[in-house]
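Student: Can you keep this structure in mind? I'll have questions shortly.
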Amino acid sequence: MKVARTIKEVREQVTEWKKQGLTVGLVPTMGYLHEGHASLVDKAVSMCDRVVASDFVNPTQFGPNEDLESYPRDFEHDCRLLEEHGCDMVFYPSVDEMYPDGGGKTDTYVEILDDMPKQLCGKTRPIHFRGVCTVVAKLFNIVLPDKAFFGQKDAQQLAIIKRMVRDMSYGIEIVGCPIVREEDGLAKSSRNTYLNEEERKAALVLSKAVFAGKKMVQDGERSADKLVEAMKEIISKEPMAKIDYVSAVSGRDMSTLKVLEGEILVAMAVYIGKTRLIDNFMMEVEK
Ligand code: AMP
């Protein structure tokens, strides 16, 4: 697997592949990779001739009091995992390579101006999705992939990227991939590493609420308020958990639902101690 640290190296390699008529898949990540990321690489390998993963902790998507500095990193481990899963090139740029003005800052952003990025995680992370769209747009311009792969674990991010691709006329197919979980149900996340033993047990309350919520909808519940209340009740039984939000929204535009119909997204963010974790389920509910 090739390790590219500069934009120039990526461009040269991708140009070479395209000359050979090969298709290119992109898997954007922030590193500290686990089986969730690996599933995206597997999907990309199955759908594209060549696969590029990016490994970059993007400063513009972190708010001032968030975990940019402490975000876990282990590039050697990442390389091993990517190579094992058939990735052809990892793009591992410095902050200055991605943001040439220095200090991880930029004056040019890609931002969706309607309500979509203001819902759910956007309520407590107001600049987050502007940073995500900006870095993903840059990665699209650098790699020029045919397809790009994102996890449904970050369901709002996936919907926002699809919207950005439509609005900015990127000719890139966005492929959503299912949530990969630990055996006991906890959604895999680089941030799980922040949890101590006691918190790790308490964190199970997220998936417990997700599974219970999903069953309620499958069993016919159509009131969004009742569903959200029931899920909040499950979470609040865990003393270490503090709810940021539990919401039932339209899977397309993130608008709040009263009636659970159509493509629904039921998403949550919950603090376990100081660690903010997210989980969700999506369903197509017949009208
Ligand atoms: P991150 O490194 O957390 O920015 O995640 C990079 C990509 O991996 C995003 O598209 C995430 O949605 C995806 N991802 C992270 N965790 C999981 C998981 N447990 N299952 C599936 N995809 C995931």
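Student: Quick one: P(r) of the range 177-229 from all Cα-Cα pairs, 5 Å bins, percents rounded to integers, in order of increasing distance.
Tutor: Result returned by the calculation: 4, 17, 24, 19, 14, 13, 6, 1.
Student: Would you list R163, R73, R181 from fewest to most Cβ contacts within 10 Å?
Tutor: Placing the least packed residue first, the sequence is R73, R181, R163.
Student: For helix 224-236, report the angle its Cα long axis makes with the longest principal axis of the Cα atoms of the chain; keep it between 0 and 90° and round to the nearest 10°.
Tutor: 90
Student: Given L265, A241, A224, which one lies farthest toward the positive end of the charge dipole of the range 207-287, if we put +1 on the Cβ of every Lys and Arg and -1 on the Cβ of every Asp and Glu?
Tutor: Positive-end residue among those listed: A241.
Student: Quote the relative contact order of the range 113-178 in percent (integer), defining contacts as alpha-carbon pairs under 8 Å separated by 6+ residues. Numbers along the way, then the final one.
Tutor: Numbers: 51 pairs, mean separation 23.2, N = 66.
The value is 35 percent.
Student: How long are the semi-axes of the equivalent ellipsoid of the range 229-285, taking √(5λ) for every eigenvalue λ of the Cα gyration tensor, in whole Å from largest down?
Tutor: Details: eigenvalues 110, 26, 13 Å².
For the range 229-285, the ellipsoid semi-axes come out as 23, 11, 8 Å.
Student: Can you sort C48, C79 from fewest to most other Cβ atoms within 10 Å of each residue's own Cβ? Kindly include the intermediate steps, with their values, before the conclusion.
Tutor: Values: C48 24, C79 18.
In increasing order of surrounding Cβ atoms, one gets C79, C48.
Student: Over all distinct Cα pairs, what is the inverse of the mean 1/r for the chain, reported as the Kirkwood hydrodynamic radius in Å? Walk me through the numbers on the way to the answer.
Tutor: Details: mean 1/r = 0.0507 Å⁻¹.
When all Cα pairs of the chain are included, the Kirkwood radius is 19.7 Å.
Student: Shifting gears a bit: Between the range 167-228 and the range 123-152, what's the alpha-carbon centroid distance in Å?
Tutor: Between the Cα centres of the range 167-228 and the range 123-152 lies a distance of 20 Å.
Student: Suppose every K and R has +1 on its Cβ and every D and E has -1 on its Cβ; what is the size of the dipole of the chain about the Cα centre, in Debye to the nearest 20?
Tutor: Details: 39 positive and 46 negative charges, 97 e Å.
The dipole of the chain has a size of about 460 debye.
Student: Rounded to the nearest 20 Debye, what is the dipole magnitude of the range 154-220 about its Cα centre when Lys and Arg each give +1 and Asp and Glu each give -1 at the C-beta? Mind showing how you got there, number by number?
Tutor: Working: 11 positive and 10 negative charges, 44 e Å.
Approximately 220 debye in magnitude.
Student: If you don't mind, another one. At what distance in nm do the modelled label points of E263 and S169 sit from each other, each positioned 7 Å from its Cα along Cα→Cβ?
Tutor: Result for the modelled spin labels: 2.3 nm.
Student: Cut-off 10 angstrom, C-alpha nodes, Gaussian network model of the chain. Which of K201, K43, K147 fluctuates the most?
Tutor: K201
Student: Then there's this: Using the Cβ atoms and a cut-off under 10 Å, what net charge is assigned to the surroundings of G31, where Lys and Arg are +1 and Asp and Glu are -1?
Tutor: Details: positive: R73; negative: D55, D74, D78.
Overall, the nearby charge balance is -2.
Student: What's log10 of I(q)/I(0) for the range 57-210 at q = 0.18 Å⁻¹, Debye sum over Cα points only, no solvent?
Tutor: Evaluating at q = 0.18 Å⁻¹ gives log10 I(q)/I(0) of -1.47.
Student: To continue, here is another question. Using C-alpha positions alone, give me the convex hull volume of the range 1-82 per residue in cubic angstrom.
Tutor: On the way: hull volume 8.6 nm³, N = 82.
Convex hull of Cα atoms, per residue: 105 Å³.
Bear in mind that the values in this text are calculations on the coordinates, not laboratory data. It should be emphasised that the depicted structure is a prediction, and the values quoted were computed from it without experimental measurement. Cβ coordinates were reconstructed from backbone atoms using ideal geometry, including for glycine residues, and neighbour counts include every protein chain displayed.
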